[in-house]
Amino acid sequence: MLLSELAQQVDAVLDGDGVIEISACAGIREAGPHEVTFLANAKYQSHLSATKAAAVFIRESDPCPEGVNRLICDDPYFAFRNATVILHGHRVHPEVMEDEGRGISSRAVIHPEASIGNDNRIHPNVTIEKGARIGDRCHLYPGVYIGPDVEIGDDCILYANVAVYDGCKLGNRVTVHACSAIGNDGFGYATHAGAHHKIPQTGITILEDDVEIGSNCAIERATLGATVVGEGTKFADLISIGHGTTIGKHCLLVSLVGIAGSVEVGDYVALGGQTGVAGHLRIGNQVQALAKTGITGDVPDGSIVGGAPAVDADTAKRNALAAMSLGALVRRVRSLERTIDKMNQREE
């Protein structure tokens, strides 16, 4: 489409040549003369003078070299996202090879007492157990396991080898990427006389509407009640959530986050990669944790924390910078100790 047409569709104000034909989106360093890019981070400001992009999504207040077509907007990253949807679209899911005219492979194993909605695509080697209920327009990739009495809403996507254990519930528009487990047993044992005795995990896991779970995640079912992931929350890969934990709405969890059991996480929380959270804590609304944070106590609303154990982010950064000089500091202290010893010996 023409650049002027794209600007209109994403509610950007065009400053430049609107008759350029646009075919794709790209990064600021890779973009070519028929691609659009964006500037959302001042770190990449210097690349504007060298970019070959047809235009750049940019805030009106950000400086821009002469000759670069601007697509002025309040949120360049979101505008770029919308342009990507328009020009590239979302992933097109494959058709089922053997669908018997119903979108369901003849090699899928579906219990006669399971309920399957309309317009679903169910691939080979999917297993759906007794009492499970699948909504409309869902896509289940090969190897998906749906346990007894599971409830899955409309427009859900479960990629290859996802397992949803018995009784768990997924809302509408939930996406679970390959090899993740929803509702596996919580890590619950009673230690008696030197042996660890398993506690039956009788609860479930609930994923609310518009949740997306990355690959190789494990969200344990509760011992009693439910482990809950709130509406709109997004997980990256390799994340573990302990039994009975509740995660609020629209949170972001980066790869390798681990949260122990019975934690209450508020809304709009962002946890950086490799953050660990001890059990039975409360993390307030809009909390942010830097990468590799170790959270061992409650965190108030709106806090930005880092370090292990967690402290406020500014202190954590200063501690990290100081730790980089620990070797030199140790050498200085030892040198001072030797000097003091010599002074004491002379006085004696």
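The values are calculated or read from the model by the stated rules, or taken from the named source; none is laboratory data. Because the structure is a prediction, the values reported are computed rather than measured. With ideal geometry, Cβ positions are generated from the backbone for all residues, glycine too; neighbour counts draw on all protein chains shown.
Within the stretch 170-186, count every residue that is under 15 Å from the mean Cα position of the chain (by Cα) and either outside any loop (DSSP other than H, G, I, E, B) or in contact (Cβ under 8 Å) with a residue 40 or more places away in the chain (or both).
Adding up the residues that qualify gives 3.
Which ones in the stretch 61-114 are touching a residue at least 60 places away in the same chain (Cβ under 8 Å) and either in a helix (DSSP H, G or I) or among the aromatic types (Phe, Trp, Tyr) (or both)?
79, 82, 83, 86, 87, 88
Looking only at residues in the stretch 140-169 that are acidic (Asp, Glu) and not in a strand (DSSP E or B), which one is nearest to residue 220 (Cα to Cα)?
If we take residues in the stretch 140-169 being acidic (Asp, Glu) and not in a strand (DSSP E or B), then 166 is nearest to residue 220 (Cα to Cα).
Working only within the stretch 50-99, note down all residues that are more than 20 Å from residue 23 (Cα to Cα), surrounded by fewer than 13 Cβ atoms within 10 Å (Cβ to Cβ) and among the charged types (D, E, K, R).
Residues satisfying the conditions are 60, 66, 74, 95, 98.
Determine if the stretch 198-207 includes at least one residue that is among the β-branched types (Val, Ile, Thr), touching a strand residue (DSSP E or B) at 6+ places or on another chain (Cβ under 9 Å), within 25 Å of residue 292 (Cβ to Cβ) and at pLDDT 95 or above.
The answer is no, given that none of the residues of the stretch 198-207 is among the β-branched types (Val, Ile, Thr), touching a strand residue (DSSP E or B) at 6+ places or on another chain (Cβ under 9 Å), within 25 Å of residue 292 (Cβ to Cβ) and at pLDDT 95 or above.
Only one of 319, 285 is at pLDDT below 95 and either in the same structural domain as residue 239 (by TED's automatic domain parsing) or of a type outside the set (Phe, Trp, Tyr) (or both); which?
319
Could you check the stretch 210-225 and list, in sequence order, the residues that are surrounded by fewer than 24 Cβ atoms within 10 Å (Cβ to Cβ) and acidic (Asp, Glu)?
210, 212 - these are the residues of the stretch 210-225 that are surrounded by fewer than 24 Cβ atoms within 10 Å (Cβ to Cβ) and acidic (Asp, Glu).
Are any residues in the stretch 32-49 exposed (fewer than 13 other Cβ atoms within 10 Å of the Cβ) and part of a helix (DSSP H, G or I), and if so, which ones?
42, 43, 46, 49
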